[in-house]
Every structure is written in C-alpha cells, then in structure tokens.
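The values are calculated or read from the model by the stated rules, or taken from the named source; none is laboratory data. Just so you know, these numbers come straight off a predicted model, no measurement behind them. Here the Cβ positions follow ideal geometry from the backbone for every residue, glycine too, while neighbour counts run over all protein chains shown.
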Amino acid sequence: MKTKNIFWLLAIWTTLITACAEKDELQSVKGVSVEVTCSLQVARIGGERSTRGTNLTAEESAIQDLTVIQFDGEGDDAPTMIVRTFQNPSSLEGLKVGLMQPQNAEKQQTLYFIANAGKTFSNFNGTLKTFKATVIPSSEMGGNILMTGSCLTVIKKETSVAATLTSRLAKIVFKIDLTSLPSGARFEPLWLQLRSVSTDASPEAPASGTVYPAQSSELYSDLEPVVSNIDKGYTWYIPENRRGKSTATVNDAKDKNNNKPDNYCTCVYLEANYYPNADNNTDAKRVNYTLYPGNNNTDNFDIEGNKSYTVNLKITGVDGKNDSRLEVKDIPASLPGANCYMVKPNSFLTFNPHNPPGADVSGTIVYLDRVGSKDKCNIARAEIVWQTKPGLIRAIYHLSASGEYRIQTANMTGNALIAAYDEENKILWSWHIWVTDYTLDDVDEKIKNISENTNQEISLTNDGKSRVFMWEKYVWMDRGIGALSNEPGFDSFGMIYQWGRKDPFLPGDQIASTALLINTITPTYDANGNRIYASGISGNGIENAISNPIFFLKNWSVDKKELWNYPNKTVFDPCPAGWCIPPSGAVANFTTKTSVTYKTNNGQLDKNAAFANNLTNLFWPYVGYRHVSSGAGYACGHLGIYWCSNFQNTEKTNVYVYGGYQNQYNDSSQGKQNYRGPNDGLLGRCVKIKTTN
C-alpha cells in the first residue's frame, strides 16, 4: 500500500537549523535553571507505546521540531514558566532540557511536550488553559504528525522525567479490493479524495460528546486528490473531526449517508469507471462512492485523534440501488478536442489531450503523432505557461487511468495557457483555458428553430448573461475569445492572434495616446505568481509557433492557407469546439451593417467599438493590435481589427480582416473590410460552424 501524508500542502516551515539545538524562548517566573533529563516515547496510533521508529511508519515517527513548555502548577490557571524548542532532535532518549526549579522546589510542575507544531508555541506566554485551547494550523506542522505528551513532576537538579508522545491526528486508511469483480469486468479508479477535513488541530482532545470543530466552512477543506495507483490504497493523517452520531436510527451501512448530523463530516470520495464487459466497453458506468468513516459503519461520524480508521471497499458490482454511498450514471462523453476550453470559476474542467482539436493540415504536423495516444503517450507532464491572475488555475491533475487532464479553477475569472511537455521539456501542445461565467452549453438547442435570415439576440441562460446573436446568417458569440464581459470596456477585450496560430496573446490594459502609439498589455503570471515578460522573437514555421506559444514571431509567414479554414475546423483554429474564425463572407457587408461609436474623452476610449445595427449588445471593441516588429501593444482604444479565416490573394500574403478603424485608414472611423499580412497581431472572434452551408 502506498502511504503518504498529503494534508499539509499550503506551506512548509523550513528551518536552517539541522542539528539538535535548544533555545530558551521565555522565562517569565523567577527560579533556578536546572538541567532535566527527558525520555520520550512515540506511541503507535491507537495508543500502543513504542520506541521511536519501532513498528511505526516514517510519517508516524518523524519529528521535525519539539517544544517543551513548563507550567508553574497543575491547574488551568498555571502560568508558563519557560519554553524550550528543539529542531530535528536526533534522539528522544536522554534529551537534556534546561528548565526552571521554582522557588518552592516541591511544587508540582506540568511539562508539555509538543512535536511538529512549528512555531505555534515559540513565544507562548499563556496559562495551561490557554495552551489547551490553542489552535495549531496545518501549515505549521511541516507535513508531519502533531504529537503531544505531558507529565506532572517536581523540577530539581538531576531530575529525570518520562512521557509518551501520542498523535493528535487521526489515521485514515483506504483499501480497495478488486478480487471479487464479476468475470470479464474492469474497475478503473480515477479520483480519490478525502473531503471536509479540519484545517487545524488542538493539543488536547475535546471533552467527550463535544462537536468539534465548529460548523464553519472556513475551518474545513478538501485534500489534494490522488489520481494514480489508487488501486494500491492510500493513507492520510488529519486533524480530528468529531461530528457525533446521527439523530435517526440507522441499522444498515447503506443508509449512513442519508443521516449525517451535519454537512461537515469527513468522507472518502472515489470516482471510477466500471466496465461490466471490458472486452468491448459496453454498458460502462461512472461510479462515485462517498464513504463516511467513524466509530461504526452505520450512525457514527466521529474522527478522533490518535485513532486509526480503515475504509475497505470491496467491489462486487455497481448496482447502487438503495445504497446512499454509491451513485451510478453513464460515463459522460469526453469533451470534443479544441484549442480553447471554457470553464466556470471555482470548478473543474476535464479534457482528453488525445482528442484532436481539429483536422490536421497537410504539410504541417500530425496531432496524434505529436502528443501520442493514451496507451503510447508522449506527454510527460502538463503545466501552467501563463495565467492572467495569480492562482487562477489552482491545480492540474493527470488522471492516469483514463489519460485525461483535470483542471481546477479558483473563484475568479480570467485566462490561462497550459502546455503539455515531453521528457525533454519541449512543448508538444498548449491549450487556452478561458475561465468565465459565459456558457454556450445550450446553444444548439436554442438556435435550432431560428432562421438565419433574421438578425436577433438569443439568450442562453435565464439571467440573460450568456447569449449569442444570429447576425448576417451566422451565429456569433457575444464577445471575443477570452473576453470576460459583454459590457463595453476593458473586460470586453478579447484575445489577439497572429493569423493561423492557435495560441492567444493578451490585449491592452491601457489606452494608447493615439492610434500610432504603444500601450501596455494585460500582465501574465507563472504558476508561482511571478510576473512573466515576453516579447517578439525572430522565428518562423509551425514548429516554432507550437513550441513557443508565449512569443510573438516577428518573421511569421504562412505557406499553408488552410491553417484557419472555415467551415473545416483545423488543429490550429483558436476557437472552442464547434466554433471557428469566420470566413470573409460572414462580414462582407460589415461597413453598412454596423455603426462605430467613437468617444473623444480619453477616460472612455476603452468603450469605443463597432456596433451591429439594430442589435445594441453585439459589438466589436477597439482593442488595438500587437505590432508585427516586436509584438508590443498599439492603438488600444483607437481601432479594432479582426481576422477572417481566408486569404484575399493566392500568394498567401494578405488575409481578409474587418472591424473598426480610425485616423490612419482615412475612412472616417467607419467599419470596413480590408486585408493584412498574417504576421500582424489582430483579434479573434468566433462564429458557430454551420452543419450545412
């Protein structure tokens, strides 16, 4: 069984002291310094004593730091006499500790030994009662098990004391038994997670019958999931969570989940695929187990410190009827491949990197040769390339059983780029993650009875915040790729692209003084929250474009006019699945069908845009562009030029564009179709791919 402690991932207290060293932290009561010999033992979880390291796992015996607190007396009001701390003690036998002999040498003293509490008690100066009520944050435990022990003794010269350190954490062991699977069946675990876990621990157990911790979402979290080797089992060490018993009478384990005392009970969650006919994968099901450990299997939900709880899951089938612990449903269809995936804030996106984002373009690359298949995968890992806000992408998980990747987003909107790397650190592919409340989930159903000969707004959600437009025989998104709002302003600015490249560049976040001057661009950050600075590089070719998605290619030219090719979605199209960069025919009459709103007040130039006539919520913002010579941002607030998917000439030097122009185009700020070279950095807007043309 794989045993690993994964609870403390928020922060690790790192010390520069590697040898056993004693530090006098506090001396608040007068007395005489004496050296006391302490012999400590570490108890096995469950209470059985053992010498350190004997019959204990590495996690259960590790001591990174040890704090010794002497209290002057034995009652709750006993004050702190002295605090001593040790870093990485090499031995607990015969540990020499400098303590204080009180003026009354016969007065009983309370000694507390706390292991792996970090700096929590380094400057402690309270009473014994205050100590017992102190909360130890998980971040202070340094990935180790909090242990405490105490004794009552007099402190004199050459005094020897003994104490036993016991775990203040509970041990949760998960085991899965597949030996009784029906013949021909296959069980594929995808995701194992311990949920609703207390984030803090205490040095003392609460009184029997006490509900602890309090009912507050701020005191609980879900642990990092396990996504590989789940069939080998897993072990966690977590702070206690005493929720008590169900108020109802429960006699069958199948009914336990329906009778929780509250919503803060710790549970083991397992997501898996079940194939009753593994040879042909027919009748496959997605199964979700939610298992609540406790002091019994029916109505108790207490997770107590210094106790071990084993959850044995024996798979004999997945009927799931009348069993509150099991949910059975059809395996959801894998998302179609795309270079841009939309996902809501504070949620998960699961996609299969082996689903091509479109059709291969002859003479460029073969997508599946590049990334490989599930069974022969070329991807070594996936990581964040950039994100527009630190922490936007909380985590990226590889579901090894299915080959999929699952992305967890924070509770914020924004954009990110994640990439798949091979063993040699080369980028094989990258995907734009658009974190937004905008949803297109029901678009096919909403537009199926709408004639393309009408221009109208189509709401996709009851609140009207997600919508599309039937305009000039095409269905348009109400915003550019990556835009976070449909209200005029900076949040409505979508992503910028070099023609034929799949990866986005960020728009401006500052109005340029004129259409000919530079502006700053939206900042990006790496996985650690560090600002990323990237500019243009000399380079050309498909390989350069794929391997360097953050760099603007100053020498970018196109020898394949099919890189973007509506209605044939290619592996290079930057839109979400089912959508494409529009053909020039979709905007052939852009000038007469739109009206340009151009404000002169510099504080409002971010609201400049070309608006569709008679559809006030459909507009194309003046985002500016990225300059061909450097990739720098220009003309934000002064013009908005958008790509079409096709060339204006057979020489593949001029691509059709459309949008709002100002000044240097001498067209009185009217929208006008034109053409530009493919190495420019212009805007992308998506239309729905028609099923028939």
Looking at (1) in contact with a Lys or Arg (Cβ under 6 Å, 6 or more places away or on another chain); (2) at pLDDT 95 or above, which is the one condition that is false for P488?
(2)
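For the structure I just gave you, tell me whether N528 is at pLDDT 95 or above, farther than 26 Å from A612 by Cα and not aliphatic (A, V, I, L, M).
Numbers: at pLDDT 95 or above: yes; farther than 26 Å from A612 by Cα: yes; not aliphatic (A, V, I, L, M): yes.
Considered against the rule, which asks whether it is at pLDDT 95 or above, farther than 26 Å from A612 by Cα and not aliphatic (A, V, I, L, M), N528 comes out as yes.
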Of the residues that sit in the stretch 535-589 and are β-branched (V, I, T) and under 29 Å from N455 (Cα atoms), which one is farthest from the chain's Cα centre (by Cα)?
V587
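Here's the yes/no breakdown for (1) part of a loop (DSSP other than H, G, I, E, B); (2) in contact (Cβ under 8 Å) with a residue 40 or more places away in the chain; (3) closer than 16 Å to I315 by Cα; (4) outside the structural domain of L349 (by TED's automatic domain parsing):
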{"site": "K175", "(1), (2), (3), (4)": "no, yes, yes, yes"}
{"site": "S180", "(1), (2), (3), (4)": "yes, yes, yes, yes"}
{"site": "P203", "(1), (2), (3), (4)": "yes, yes, no, yes"}
{"site": "G209", "(1), (2), (3), (4)": "yes, no, no, yes"}
{"site": "A214", "(1), (2), (3), (4)": "yes, no, no, yes"}
{"site": "P261", "(1), (2), (3), (4)": "yes, yes, no, yes"}
{"site": "C265", "(1), (2), (3), (4)": "yes, yes, no, yes"}
Out of the stretch 610-629, which residues are in contact (Cβ under 8 Å) with a residue 60 or more places away in the chain and in contact with a Ser or Thr (Cβ under 6 Å, 6 or more places away or on another chain)?
A610, A612, P621
Does the stretch 125-149 hold any residues that are crowded, with 19+ Cβ neighbours inside 10 Å and either closer than 21 Å to V97 by Cα or not assigned by TED's automatic domain parsing to the domain that holds Q70 (or both), and which are they?
L128, F131, L146, M147, T148, G149
Would it be correct to say that V161 is in a strand (DSSP E or B), assigned by TED's automatic domain parsing to the domain that holds G317 and touching a residue at least 60 places away in the same chain (Cβ under 8 Å)?
no
Among I481, I496, I458, I511, the single one that is touching a helix residue (DSSP H, G or I) at 6+ places or on another chain (Cβ under 8 Å) and within 21 Å of L618 (Cα to Cα) is I458
Of the residues in the stretch 635-655, those that are over 25 Å from G603 (Cβ atoms), at pLDDT below 90 and surrounded by 24 or more Cβ atoms within 10 Å (Cβ to Cβ) number 1
Name the residue, out of G363, G391, G305, G317, that is in the same structural domain as N241 (by TED's automatic domain parsing) and surrounded by fewer than 18 Cβ atoms within 10 Å (Cβ to Cβ).
G317
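Condition test on I331, is it more than 30 Å from W434 (Cα to Cα) and aliphatic (A, V, I, L, M)?
It is false that I331 is more than 30 Å from W434 (Cα to Cα) and aliphatic (A, V, I, L, M).
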All positions within the stretch 252-302 that are of a type in the set (G, A, S) and either over 24 Å from A170 (Cβ atoms) or buried (at least 17 other Cβ atoms within 10 Å of the Cβ) (or both):
A272, A278, A284, G294
Taking K321 and the conditions (1) touching a residue at least 40 places away in the same chain (Cβ under 8 Å); (2) among the basic types (K, R); (3) closer than 19 Å to P182 by Cβ; (4) not in a strand (DSSP E or B), which numbered condition does it fall short on, given that it satisfies the others?
(1)
